[in-house]
Amino acid sequence: MKITSLTSCTGCSACYSVCVKSAITMTENSEGFLYPRIDASKCIECGKCEKVCPILHTEQAHKPLNVYAAINPNEEIRRESSSGGIFTMLAEFILDKGGVVFGARFNEQWEVVHDYTETKDGLAPFRGSKYVQSNVGETFQQAKAFLSQGRKVMYTGTPCQIAGLRRFLGKEYGNLLTVDVVCHGVPSPLVWRDYLRSVTSNKIEQITSVKFRVKSTGWKNYSVKISGQEGNPFVNEPYRQNLFMQLFLKDFCLRPSCHTCPAKSGKSGSDLTIADYWGINDPDWDDDRGTSLILVQSCQGQQLLDSCDIPKKQTNYEDAFIHNPSIEKNVVKNKFITPFWQQYHNDGLNNIQSLLNKTKPSIVKRLYRYLRSLI
Ligand SMILES: Cc1cc2nc3c(=O)[nH]c(=O)nc-3n(C[C@H](O)[C@H](O)[C@H](O)COP(=O)(O)OP(=O)(O)OC[C@H]3O[C@@H](n4cnc5c(N)ncnc54)[C@H](O)[C@@H]3O)c2cc1C
């Protein structure tokens, strides 16, 4: 069986989930990303793994049907959310109808995994972006079981995860709502584990909470906070100064497939796409406490959105895209990726800051950007 190549495999786990012979395991490589490994002695060559691979069968890109700015009126929930808190409003609607919601949360080791909840309290761990690739585990099969029982299911994740889920399911379900996030790319779970070990001096078990997007310093200038026991933070700093966020945003440790993402631009087949509404140019919709961007990708998505009581304002795609190129564009592979992994494999995260400093733009470039921002 030929599943896709290592550089394009997104690790969506559709092949692992569909294999009835358990011949495929998802195995971590030296960069910390999961890839399928086939046990030839168990494989019966049924071809299902090839059939469900979203890289071997990509969908057509398309523009959204409608575009909205939206804000969750519950200030507490909006504060706990990365953008305008729209994930929670959609999820609560599904739960009110007796449904089940799937999302990404931290496990006990502060790794990121997918899970599901049937209660509103259970939504709290899913709230807030975790900028690490999540392991979907057995959730594709779990979602299928709920769908077959006729339960409403909302499955949320990155575009590649939604593309994988849809191919795994293999048919349309009227009771399924898929919601993906606009995705810059997913950083390595291995680098994340090492980062946590380094900031806690190997005492990961003492962490009490991890928040990538603390808004006390503003939605646009958010902070990263990793709390320890008795409220003592291991990390509490603006995202621009945070080592892990720099590695993420400067594209040092993203999954290789993120540079050729097969699922952006509506190709995931999701019903709705949610994101930060960067550049929302309307004071009524920007109080620097978080505004969501909603891209409606399907009629089912529009119907659900119209049924939810979400305060929203219709805008246009071009304005949203200018400020959020990740909607369509892949991050460009930079020249520091190979030196990063070489140095990381020799010396871990020690002295990585010096490599990061080399990516700082020159004074001329910074001055140019500053002058442009004044226009
Ligand atoms: C890796 C990653 C990269 C992103 N890149 C961009 C970007 O470039 N531009 C942009 O505008 N927005 C990006 N986002 C989306 C943004 O950060 C918010 O998640 C989104 O706007 C939803 O915000 P919210 O306030 O509605 O809900 P929140 O409560 O903040 O969002 C929670 C939702 O995010 C999902 N989620 C959280 N972490 C993960 C994860 N690791 N893997 C899969 N799903 C996850 C949860 O399942 C849930 O559906 C990214 C998110 C992630 C996880």
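The values are calculated or read from the model by the stated rules, or taken from the named source; none is laboratory data. If you're wondering where the values come from, they're calculated on a predicted model, not measured in any experiment. Quick reminder, even Gly has a Cβ in these numbers, built from the backbone with ideal geometry, and neighbours come from all protein chains shown. In case anyone asks, the SASA skips ligands and DNA or RNA and just uses the protein heavy atoms, side chains included. Shrake-Rupley method; radii C 1.70, N 1.55, O 1.52, S 1.80 Å.
Where a Cα-Cα gap under 16 Å defines reach, which aspartates and glutamates qualify for Lys48, not counting those fewer than 8 residues away within the same chain?
Asp39
Whole number in Å², please: accessible area per residue of segment 125-279, 1.4 Å probe, ligands, DNA and RNA not counted.
Value returned for segment 125-279: 36 Å² of accessible area per residue.
Can you pull the Kirkwood radius for the chain, inverse mean 1/r over Cα pairs, to one decimal in Å?
After inverting the pairwise mean of 1/r, the radius is 21.5 Å.
Would you please give the FRET efficiency between Arg289 and Asp121, computed as 1/(1 + (r/R0)^6) with r the Cβ-Cβ distance and R0 = 25 Å, to the nearest 0.05?
0.60
Please report the net charge: other residues with Cβ closer than 9 Å to the Cβ of Tyr68, K and R +1, D and E -1.
+2
Would you mind telling me the antiparallel percentage of the DSSP bridges in the chain, rounded to 5?
Percent antiparallel among DSSP bridges in the chain is about 75.
If you average the C-alpha positions of segment 82-132 and of segment 253-307 separately, how far apart do those two centres end up, in angstrom?
Spelled out, the Cα-based centre of one part sits 17 Å from the other.
Could you pull out every residue, at least 5 positions away or on a different chain, whose amide H is within less than 5 Å of the one on Phe234? Hs are placed 1.01 Å off N in the peptide plane, and Pro or chain starts have none.
Amide H to amide H, under 5 Å and 5 or more residues apart or across chains, Phe234 pairs with Ile226, Ser227, Gly228.
Under 16 Å between alpha carbons: how many lysine pairs meet that in segment 119-211, if sequence neighbours fewer than 8 apart on the same chain are excluded?
5
List, in order, the whole-Hz ³J(HN,Hα) value for each residue of segment 40-45 obtained from phi through the Karplus relation with A = 6.51, B = -1.76, C = 1.60 and θ = phi - 60°; use x for Gly and Pro.
4, 6, 9, 6, 9, 6
Checking the a/c ratio against 1.5 first, then a/b against b/c, what shape does the Cα gyration tensor give for segment 2-102?
prolate
Given axes a ≥ b ≥ c from the Cα gyration tensor, I'd like to know whether segment 205-349 is rounded (a/c under 1.5), prolate (a/b larger than b/c) or oblate.
It is oblate, given that a/c is not under 1.5 and a/b is not larger than b/c.
Taking 0.36 nm per residue of sequence separation and subtracting the Cα-Cα distance, how much length would be gained by fully extending the chain between Tyr368 and Ser201, in nm to one decimal?
Working it through step by step, the gained length comes to 56.1 nm.
What list of ³J(HN,Hα) values in whole Hz, one per residue of segment 261-276 in order, does the Karplus curve 6.51 cos²θ - 1.76 cosθ + 1.60 (θ = phi - 60°) give from phi, with Gly and Pro shown as x?
Residue by residue, segment 261-276 yields 4, x, 10, 5, 6, x, 6, 5, x, 5, 7, 9, 10, 10, 6, 7 Hz.
Which percent of Cα pairs goes in each bin when the distances of segment 229-294 are cut into 10 angstrom slices starting at zero?
For segment 229-294, the binned pair fractions read 15, 25, 40, 18, 2 percent.
Compute the length gained on full extension between Asn346 and Thr27: take 0.36 nm times their separation in residues and subtract their Cα-Cα distance, giving the result in nm to one decimal.
The span from Asn346 to Thr27 would gain 112.6 nm if fully extended.
Using Cα pairs under 8 angstrom and six or more residues apart, how large is the relative contact order of the chain, in percent?
After rounding, I find 21 percent.
Need the C-alpha centroid separation for segment 192-228 versus segment 324-375, integer Å.
Centre-to-centre (Cα) distance: 21 Å.
With all distinct Cα pairs included, what does the Kirkwood hydrodynamic radius of segment 153-253 come out to in Å, to one decimal, could you say?
Over segment 153-253, the inverse of the mean reciprocal pair distance is 15.8 Å.
In nm, to one decimal, how far is the modelled label at Ala40 from the one at Asn74, with both set 7 Å along Cα→Cβ?
For the pair Ala40/Asn74, the computed spacing is 5.4 nm.
Output wanted: per-residue J couplings in Hz (rounded whole) for segment 173-187, from phi through Karplus 6.51 cos²θ - 1.76 cosθ + 1.60, θ = phi - 60°, x for Gly and Pro.
Computed from phi, the couplings for segment 173-187 are 10, x, 9, 10, 10, 10, 10, 10, 9, 4, 10, 5, x, 10, x Hz.
What does a probe at Asp309 reach in segment 44-87, counting residues whose amide N is under 13 Å from the point 7 Å along Cα→Cβ?
Residues passing the 13 Å test: 73-74.
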